[in-house]
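What follows is a single structure, written as structure tokens, with notes after it.
Taken together, the values in this text are just the output of simple stated rules run on the coordinates, not laboratory data. All values reported here derive from a predicted model rather than from experimental measurement. Methodologically, a virtual Cβ is constructed for each residue, glycine included, from the backbone with ideal geometry; neighbour enumeration extends over all protein chains shown.
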Amino acid sequence: MARILAEQRDELRWGQTYTAADFGQRFIDNYGWVELFGTRGHYINDKVAAGFLVLGPGIEYPDHHHLAEEVYIPLTGGAAWRMGDAPFRERCGGEVIHHASNMKHAMRTGSEPLLALYLWRGGPLAAKSTVTGTIAGGKD
Ligand SMILES: [Fe+2]
């Protein structure tokens, strides 16, 4: 799947919810999603959204939350995830990570990029998350 995504990357409609003002230019240069279905998807659906998130190496996606509940399935290993006030812990590719509505969560990549499948339901599907965390070291 990763190979197909990489090969077709120029044909896909990539999006970004944030701007450099949120997390800095380095984050923006290393972050994007492509929605398969949802209000912004290749297939329109206003109940459920799903797509792929990519984070480059050495990126922190700080604590954020949103009304929609969310399931992530990382397709690559090596990234650290946290939920609530728990410490970051590395999650394997293929794990199922559920974020309940308005549960804060964060991700941090190591030396490899993260590719993850996401699913959203039960809230505004194109809403920008509420960010409560900050990036260690600032926004560059
Ligand atoms: Fe989320």
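Along the charge dipole of the chain, pointing to its positive end and built from +1/-1 on Cβ of Lys, Arg, Asp and Glu, which listed residue (17, 122, 64) has its Cα farthest out?
It is 122.
Using r as the Cβ-Cβ distance of residue 102 and residue 13, and R0 as 25 Å, what FRET efficiency do you calculate, to the nearest 0.05?
E(calc), rounded to 0.05, equals 0.35.
What is the Cα convex hull volume of segment 58-102 when expressed per residue in Å³? Could the numbers behind the result be given before it?
Numbers: hull volume 3.4 nm³, N = 45.
Spelled out: Cα convex hull of segment 58-102, divided by residues, is 76 Å³.
Compare the peptides 61-71, 120-130 by average per-residue count of other Cβ atoms within 10 angstrom and give them in order, highest first.
61-71, 120-130
Could you give the alpha-carbon Rg of the chain over 2.2 N^0.38 Å, rounded to two decimals?
Taking N as the residue count of the chain, the ratio is 0.98.
Below 8 Å, C-alpha to C-alpha, sequence gap of six or more: please give me the relative contact order for the chain in percent.
Reported relative contact order: 29 percent.
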